Amino acid sequence: MGLLLQQFPELTIELAPGRATPAHRPTPAPPPADLADRLREERAEALLLQQAHGLVAPGPGAAPLRLHISDTIRDITDGVIELEEAVRDRLGLPRVRRASVPERLRRIVGLLDSIAADPVLAAHVRDETRRMARRCARALGDTETVVRVSGRCPWCDSVSLRAFPDRAAVLCVNPACRCTDPDCGCHDDPACRHTWDEGEWSHR
């Protein structure tokens, strides 16, 4: 939760990064000979883009809008709103006024003692905040920390165990690994890996 609180404001900065204006501008270089042709091509491309996708290309003085950042902001905003509503509904609390994402997260933090008393709710809050923190980190270009775990996987006997501190989880990264639980996604989803949470692994 704390990581998400710290990272979310950075997304709005990354959405349309400003351009620094130097105090002393150097003498501008003469325009290239083909400038007029290039400008015509850019205007034609911008028009095609707008017609095909309903998008407006930013003008020369505007910073480029980063659509993957915009998508991440929307996803996390929706996720935090839904999470707060689910928490308050589960705890029998009334709905509260609209607020920014950081303020909603702080309100959830204020309810953590009550959330911890409900194991199902606590697991849901933990999983959702970690998911959103990972999405936020990916959008900002952060790489998730991975730590090799000594020993062999209890399912496939390979030395492919890795700890992911941000998720507080241990995974077997061997794509051929299959556990004995028939309901585990590792049996029918190639992207799924059997996962132990931090507490479960420490008691093995």
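Pairs are defined by a Cβ separation below 9 Å, a sequence spacing of at least 6 or placement on different chains, a first member in the range 169-181 that is over 20 Å from residue 146 (Cα atoms), and a second member that is open to solvent by 70 Å² or more (accessible area, probe 1.4 Å); the pairs so defined are 178/155; 178/187; 179/155; 179/187; 180/155; 181/187. The condition of being over 19 Å from the mean Cα position of the chain (by Cα), under 30 Å from residue 87 (Cβ atoms), charged (D, E, K, R) and at pLDDT 75 or above holds for only one of 181, 127, that being 181. Any residue at all in the range 149-159 that's of a type outside the set (Phe, Trp, Tyr), open to solvent by 70 Å² or more (accessible area, probe 1.4 Å) and either in contact (Cβ under 8 Å) with a residue 40 or more places away in the chain or outside any loop (DSSP other than H, G, I, E, B) (or both)? No - not one qualifying residue is present in the range 149-159.
Only one of the numbered conditions (1) buried (at least 18 other Cβ atoms within 10 Å of the Cβ); (2) touching a Leu at 6+ places or on another chain (Cβ under 9 Å); (3) modelled with pLDDT under 75 is violated by residue 166, and that is (1).
Residues to consider are 133, 116, 137; find the one that is hydrophobic (A, V, I, L, M, F, W, C) and surrounded by fewer than 13 Cβ atoms within 10 Å (Cβ to Cβ).
Values: 133 fails: surrounded by fewer than 13 Cβ atoms within 10 Å (Cβ to Cβ); 137 fails: surrounded by fewer than 13 Cβ atoms within 10 Å (Cβ to Cβ).
Checking each option against the conditions leaves just 116.
Take the conditions at pLDDT below 90, in a helix (DSSP H, G or I) and open to solvent by less than 80 Å² (accessible area, probe 1.4 Å) and apply them to residue 83. Does it pass?
On the way: at pLDDT below 90: no; in a helix (DSSP H, G or I): yes; open to solvent by less than 80 Å² (accessible area, probe 1.4 Å): yes.
Answer is no for this residue.
Taking (1) open to solvent by less than 50 Å² (accessible area, probe 1.4 Å); (2) assigned to a loop (DSSP other than H, G, I, E, B) in turn, residue 105 satisfies each apart from (2).
The values are calculated or read from the model by the stated rules, or taken from the named source; none is laboratory data. Predicted model only: the values in this text are computed from it and were never measured. Virtual Cβ from ideal backbone geometry, glycine too; neighbours counted across all protein chains shown. Side chains are part of the model used for accessible areas, which takes the heavy atoms of the whole protein and leaves out ligands, DNA and RNA. Shrake-Rupley method; radii C 1.70, N 1.55, O 1.52, S 1.80 Å.
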